[in-house]
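Asks: Before I ask anything, let me first share the structure, which is written out below as structure tokens.
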Amino acid sequence: MSNRLSPHSSSGLPASAQEKGKATDGAVIAVTRALQLLDAFGLGESHLPLAELSRRCGLHKTTVLRLARTLAQSGYLVQREDGDWRLGPATGWLGARYQAGFDVQNVMEPELRELTRLTGESAAFYVREGDLRTCIVRVEGPQALRHHARMGEGLPLDKGSPGRVILAFSGEPGTQYETIRQRGYHWSISEREQGVATVSAPVFGMHWRLMGSVCISGPASRLTEARLQALAQTVMATATRLSYALAGSAANPATAATRASHWHP
């Protein structure tokens, strides 16, 4: 009998296939696929059939069914009587805990409501999620004509002032980002969405750790360049109050020191 190592293990599967089922670059494939299944649901989609989940995930239906049943055991998916699948209550509870981590009710929402009152425009708070930005808190403005953004939707970081501010205060190199860091805010018109204007400022937590960006948004016909620059100080003032609140500091934001080349509240 040859002593050479066989490419197959005792289970009869190729060793490479076994490793692929366990991990790739430190990621557990089963977990990645389960999360992919949850991400397959779009905003406004209450339920999806197994075949559609399989198509969107690029996985065999038997694999999707096994994953769905496993997720259902923990309440992350629920199978309807017609066989379709919908997100389960555990996903809602997970989202609630995610928002609670940003002091949504006690800190964010009241400040955004006040910002909306002062500016007459919709206000929002964005956080970074990998290579995207996500709105986790939003207060609609009183105007009949206003910009509508969807909560939880992943948007590009390099399009629009909220993402540019996050990039700048995350250390992104370049003249544009250095300018944003020096003045402490950024405005944009029709950069991500035609006819929409925004102005944003960074929000920090403990030890100047960047938490996200606060912004106001509205139609470019109303928020001209001059108007955006005029409202920038109001947005920065809200960002300052949020920064001190999230850092748990009792210091007076009005007496805070400013660094020579990088703005901080």
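Asks: With 225, 191 as the choices, which residue is of a type in the set (Asp, Glu) and at pLDDT 90 or above? If you could, list the steps in order and put the result at the bottom.
Replies: Values: 191 fails: at pLDDT 90 or above.
It is 225.
Asks: Starting from residues that are under 18 Å from residue 239 (Cβ atoms), surrounded by fewer than 23 Cβ atoms within 10 Å (Cβ to Cβ) and among the hydrophobic types (A, V, I, L, M, F, W, C), keep the ones in the range 188-210 and report whichever is nearest to the chain's Cα centre (by Cα).
Replies: 210
Asks: Considering only residues that are within 19 Å of residue 44 (Cβ to Cβ) and crowded, with 16+ Cβ neighbours inside 10 Å, look in the range 85-104 and name the one that is modelled with the lowest pLDDT.
Replies: 91
Asks: Please state which of the following conditions residue 234 fails to meet, knowing it meets all the rest: (1) free of Cβ contacts under 8 Å to residues at least 60 places away in the same chain; (2) assigned to a helix (DSSP H, G or I); (3) surrounded by fewer than 18 Cβ atoms within 10 Å (Cβ to Cβ); (4) in contact with a Leu (Cβ under 8 Å, 6 or more places away or on another chain).
Replies: Failed condition: (1).
The values are calculated or read from the model by the stated rules, or taken from the named source; none is laboratory data. In this text, all values refer to a predicted model and were calculated from it rather than measured experimentally. In this analysis, Cβ positions are derived from the backbone assuming ideal geometry, glycine residues included, and neighbour counts consider all displayed protein chains.
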